[in-house]
Structure formats: structure tokens, C-alpha cells
1. List the pairs whose first member sits in the stretch 223-248 and is under 17 Å from Val286 (Cβ atoms), whose second member is among the polar types (S, T, N, Q) and in a strand (DSSP E or B), and whose Cβ atoms are under 7 Å apart, counting only residues at least 6 apart or on separate chains?
2. Filtering the stretch 179-226 down to residues that are at positive phi and in contact with a helix residue (DSSP H, G or I) (Cβ under 9 Å, 6 or more places away or on another chain), which residue is modelled with the lowest pLDDT?
3. Give the residues of the stretch 223-254 that are among the small types (Gly, Ala, Ser) and under 17 Å from Ser37 (Cβ atoms), sorted by residue number.
4. Scan Ile266, Ile297 and give me the residue that is surrounded by 24 or more Cβ atoms within 10 Å (Cβ to Cβ) and touching a Lys or Arg at 6+ places or on another chain (Cβ under 7 Å).
Amino acid sequence: MATAAVVAAALPTAPATAQPNAADALKKYNELSEQASKLNQDHLKAQEDLKAKQGELDKAKGDLAGAQQAEESLRGQVDLLTEATNSGANFSQISALLVSDSQQDFLNRMSAINILAADNADALQKLTDAVNAADAATKSANEATETSKKLLAEMSQKKADLDKQLAEAQTQYRSLSNTVKNQLAASGDMSNINVPAGTAGRALQFALNQRGLPYVYGSNGPNSWDCSSLIQAAYRSAGVSIGRTSYAQAVAGRPVSRSEVKAGDILVYYSSQSHVAMAVDGIRAVHASTEGVPVKIADIDSIGPISGIRRIEG
């Protein structure tokens, strides 16, 4: 997010009566944009949560179908044993003794009885297990369904909140002077920058190559970005998978201090962790800030209050 202090410092000298209005308008725009950025990240996270829960629901439905199939198969096996008993089959030891012609015949009959008894017990136990599994899968599927419905409603509400916030920010943007709008829209430093070797360098080069492209809330590239999609795509281009939201990126890799910052580090801003940028070096960062401002390089500490710094490589 471009802060009021940075852009206001670049404003041309104007009559004293005009300066407060321009500064106030810009400050308000930055505040509204920051709030919109957080709502954008909240909406993206809700989408991810819903997708994960729908995956759980699909698995639960698959488990339920498998359990029901096993239950049906085992129930048939138990029914066969029950039918044999009801048809007159007698599996008692006394019955085996009375009909045996010899001691060996008796032992053979006893062995068969024991096998049948074991089969019956095993089939009954498996049927019980299958019924319990089907019940558990049904419960899991029902719970996943209800959670998915709640997440869908939550996601819709966050989208509505985001749309409202964006409308307010856009209204405020239109109130800015053309001079300020032009300064916000400038691409900034477009010079060639040497990047280090390795994963971080490749990610940084990707991010630098996006300078001048517009910011669009929720965009995933390749012709426009929001703050976290730019960082995710940059590291993906370097062969590293990180989360889509600024919240996920705020816990990626390992933490480093402000004095340790080097090229490729992820800079997380605001207590809400709603904005991210990528360090160019210990002083500058490249980021997608907000609508009306393209991907550009800015002073690390001018972007906003830093809440964390993460290193993906090293």
C-alpha cells in the first residue's frame, strides 16, 4: 500500500489553503485502500477454506459409499450363514459326535464346525465394523456439508463487504487531483536491477518484470496482480510453492529481523498482515499496492508498518 506520507512528500508546492485538502484526501484514500486490501485477503482466505472443506466433503462421501458397499456385501455373507442354520444345519459338538463313524471322522467334523463358527464370528464382526464405519462416514459427510454451507455464506458476505469498501475507495480516488493521480499511476524506477543467484533471485526477477502492470483486487495475473498473488507467482516461477493469501505468506519460510533483510524476503505489513511486498535489497521493495497504482518499487519503510519478514530461501 502506498502511504500518504510518501506520496504527499512528492506533491508540488501549493497554496497553504490547498495543501491540507490534498493531503487529507490522499490519507483517506490510503486508509480506505488498506481496509479494502484486508477484505480482499479475507475473501481469498474464505475461498480457500471453502475449497478445502469441499474436498473433505468429497472424501466423506467416498468413504460413505465404500462403507455402504462393504456393509451390503458382508450382510449377504452373514445372511447365508443364518440361512444355513435355519435350514437345519446343526453346528453343535454333540451333533458331530452322534453322526461320526469314527474318532477321525469326529475330529474332521469338529474342525469344520470350528471353521464355520470362526467364519460366522468374523463375518458378524466385519459387518458390525462396516455398519459403524458407514455411520461415522454419514456423520462426517453431514458435518462437512453444513460447514461448507456456512463458509459459502461467509464468503458471500466478505465479497459484499469488499465490494462496498472498493466503491468507497474508488469514490475517494476520484476526488484526488490529477497531479496526485498521475503520481500514483507512475511506474517509478524501471531501471535494470541485478538480482542474486538462486531461488530468491529468480523470484525477485519475476516480481521486477511485473513493474508497470496494474493492481486489481483478487487478480492472479498475468496482466494484473494483487499484493499476494504477485508474491506467490514470483516464488512459483522459482519452483517454490507458497500460499495465495498474505496470511499464509506471513508464516511461510522463516522469520528474519529488519536489519537482516535481503533480496527476495517477503515483507508483511500492518498488524492485520493484509499486505505483502518483496525486498529488492535492504532499502527497497517491489509490490502491488492498490488500485490506481501499478506494481512498482518503493522504500521498504514507506509502504507501511512492518509486522513481519519471512525468508523462503536460506
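1. Ser229/Asn220
2. As a first pass, look at the stretch 179-226 and keep what is at positive phi: 188, 198, 212, 218, 221.
When the remaining residues are screened for being in contact with a helix residue (DSSP H, G or I) (Cβ under 9 Å, 6 or more places away or on another chain), the result is 218, 221.
On the way: Gly218: 92, Gly221: 96.
Here the residue is Gly218.
3. Looking only at the stretch 223-254, we keep the residues that are among the small types (Gly, Ala, Ser), and these are 224, 228-229, 233-234, 237-239, 241, 243, 246, 248, 250, 252-253.
Hits for the stretch 223-254 are Ser224, Ser228, Ser229, Gly243, Ser246, Ala248, Ala250.
4. Numbers: Ile297 fails: surrounded by 24 or more Cβ atoms within 10 Å (Cβ to Cβ).
The unique qualifying residue is Ile266.
The values are calculated or read from the model by the stated rules, or taken from the named source; none is laboratory data. What you are looking at is a predicted structure, and each value in this text was computed from that prediction instead of being measured. Every residue, glycine among them, receives a Cβ derived from its backbone with ideal geometry; neighbour counts consider all protein chains shown.
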